[in-house]
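> What follows is a structure written as structure tokens; I'll ask about it next.
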């Protein structure tokens with residue numbers, strides 16, 4: 001899980017790649033369309049898509065009638081892993097805040113903060 005999480009966070013650390021993810025949330029897109037919509041050159045977008053594919057965040061499909069055309073879409077699994085980790089972190093902090101609240105109530109003689 002941590003290797004997948006590390007790859008996901010590393011890929012999402014770059015603003016252009018986060019923009020690509022936002023664009024792909026709307027619908028699958030061609031690489032050239034992603035480059036234009038994200039304001040990146042073709043070679044730069046190619047590098048970003050390579051990182052996103054390697055991290056497992058996106059998948060590439062070829063169009064049947066033209067093998068040169070690549071369409072990219074999101075893969076849910078890495079986002080599920082990220083969501084599970086975030087829920088664990090949130091549960092930790094919720095427990096910590098609940099314990100602090102109980103401590104304050106105890107030390108103030110039962111009155112709410």
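All of the numbers you see were taken from the coordinates with simple rules; none came from a lab. As the structure is a prediction and not an experimental result, all values here were calculated from the model. All Cβ positions, even for glycine, are placed from backbone atoms using ideal geometry, and neighbour counts span all protein chains on display.
> Mind sorting 79, 92 by how few other Cβ atoms lie within 10 Å of their own Cβ, fewest first?
Neighbour counts put them in this order, fewest first: 92, 79.
> Same structure again: Specify the residue with the greatest mean-square fluctuation among 81, 94, 32, computed from a Gaussian network of the chain linking alpha-carbon atoms under 10 Å apart.
Per the Cα network of the chain with a 10 Å cutoff, 94 tops the list.
> Also, quick follow-up: If you take the beta carbon distance between residue 10 and residue 41 as r and set R0 to 30 Å, what does 1/(1 + (r/R0)^6) give as a FRET efficiency, to the nearest 0.05?
Result of the calculation: an efficiency of 0.85.
> Follow-up question, since we're still on this one. Give me the extension gain from residue 67 to residue 95: residue separation times 0.36 nm, minus the current Cα-Cα distance, reported in nm with one decimal.
Taking residue 67 through residue 95 to full extension adds about 4.8 nm, to one decimal.
> Between (1) 35; (2) 31; (3) 50, which matches percent of Cα pairs over 21 Å apart calculated for the structure shown?
Looking at percent of Cα pairs over 21 Å apart for this model, the match is (3).
> Pick from 11, 31, 91: which residue has the top mean-square fluctuation in a GNM of the chain where Cα pairs under 10 Å get a spring?
Ranking 11, 31, 91 by mean-square fluctuation puts 91 first.
> Sticking with this structure for a sec: Quick check: residue separation of residue 54 and residue 33 times 0.36 nm, minus the Cα distance between them. What number comes out in nm?
5.5 nm
> Modelling each spin label as a point 7 Å along the Cα-to-Cβ direction, I'd like the residue 80/residue 26 distance in nm, to one decimal.
With each label point 7 Å from Cα toward Cβ, the separation is 2.7 nm.
> With just the Cα atoms defining each centre, how far is segment 1-72 from segment 85-106? Give it in Å.
One Cα centre to the other: 37 Å.
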